[in-house]
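The values are calculated or read from the model by the stated rules, or taken from the named source; none is laboratory data. Every value quoted in this text rests on a predicted model; they were computed, and no experiment measured them. Using ideal geometry, Cβ is built from the backbone for each residue, glycine included, and neighbour counts are taken over all protein chains shown.
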Amino acid sequence: MGSPCLFRAISFAACLLASLFAASNVLAEAADNHRELRLWYRNYDNPAIRNLVQLALDKTPEYGTYELFRSEEVSQGRALLELSSGHSRILDIANVATTAEREESLNPIPVPVDGGLLGFRVCLVLPENLPLFKGVSSLADLRNRNISIGQGTHWPDTPILEANGLKVITNPRYEVLFGMLRNKRFDCFSRGISEVLFDLEHNRASDLAIEPDILLAYPLPSYLFAAKNDQDTAHRLQLGIERAINDGSFGKYLKDHFGRAIKELGLKARTIITLRNPYLSEESDQVGRNTLEELSRRIEYLSQ
């Protein structure tokens, strides 16, 4: 009969080998678990959103390898309909502004992708229309001057603006709205401060101008969404973003992608016109309100 010491040594070696074998199985399983994920084309074409999705996926290697593809070019309404169907062959992930209805029918990752900046809006206008906005300092001024605002048909901003008594002209295609502005179908193409510089640089819009004096502000967190039944993708994105927040890479992402806009749009000198948003869930309403209340601090942080 062997000595107790020898028996313990053999047992330890066996346990160690078993642990190494189990770990190798986990790694092999992760390597075999390869996903081809399709990001809505509007988000894929936007470096900030695409980089955030990649950041979250890269921080969760235990879920397996991945390839990120550009989806077909479909409207926001069609993209969300595809996700809510639960069996889309067109896309797996989309970033859009949230509503209570969207959170119910889809799988939200409830972290504002731009730090909550989407609800801060500036006007993209024709240069010759700039005098129309001179001296505007309130919601009443916008109404009294009958300033019309262009938005996407399926964007949650549309009912928000209408609920605040503003005139809204819509089209389901984002790209078409630039031509509508040029054709004077509306006065202001309202764009998030995290979007508008990208608009100018990637949509051949050098003939348009950013109105310099007003800032529309309402609670409007922008989330990543997966399909309701795609828990794997939703959990992976949520965990990846949480890890990025904890290790500081999410804060670096915000500065890298949105710091320039904060500086160049002169937010500190703008007149803030606050609007209400009656279409948020209780949780997202609180997220949005916190963002509005911390506007000055966020501007200071991102402009450093």
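Key figures for this structure:
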read-out	value
Residue count, segment 216-241 (criterion: of a type in the set (S, T, Y), under 19 Å from T60 (Cα atoms) and under 13 Å from the mean Cα position of the chain (by Cα))	1
Cβ pairs under 9 Å, 6+ apart, first in segment 40-63 and free of Cβ contacts under 8 Å to residues at least 60 places away in the same chain and over 18 Å from N246 (Cβ atoms), second among the basic types (K, R) and in a helix (DSSP H, G or I)	N43/R50; Y44/R50
Qualifying residue in segment 72-83 (condition: under 29 Å from R243 (Cα atoms), of a type in the set (S, T, Y) and in the same structural domain as I245 (by TED's automatic domain parsing))	no
Residue within segment 188-207 that is over 29 Å from I109 (Cα atoms), touching a strand residue (DSSP E or B) at 6+ places or on another chain (Cβ under 7 Å), surrounded by 21 or more Cβ atoms within 10 Å (Cβ to Cβ) and at pLDDT 95 or above present	yes
Unique match (being surrounded by 21 or more Cβ atoms within 10 Å (Cβ to Cβ) and part of a strand (DSSP E or B)) among V96, V111	V96
Those strands (runs of 3 or more DSSP E) lying entirely in segment 123-213 with at least 2 residues within 24 Å of the chain's Cα centre (by Cα) and within 19 Å of L265 (Cα to Cα)	188-192
Test: P219 is part of a loop (DSSP other than H, G, I, E, B) and buried (at least 16 other Cβ atoms within 10 Å of the Cβ)	yes
Check on R236, closer than 23 Å to Y44 by Cα, in contact with a Phe, Trp or Tyr (Cβ under 6 Å, 6 or more places away or on another chain), among the charged types (D, E, K, R) and not assigned by TED's automatic domain parsing to the domain that holds M180	yes
Selection status of L118, buried (at least 22 other Cβ atoms within 10 Å of the Cβ), over 30 Å from I245 (Cβ atoms) and not acidic (D, E)	no
Qualifying positions in segment 224-252 - crowded, with 21+ Cβ neighbours inside 10 Å and within 30 Å of A269 (Cβ to Cβ)	F250
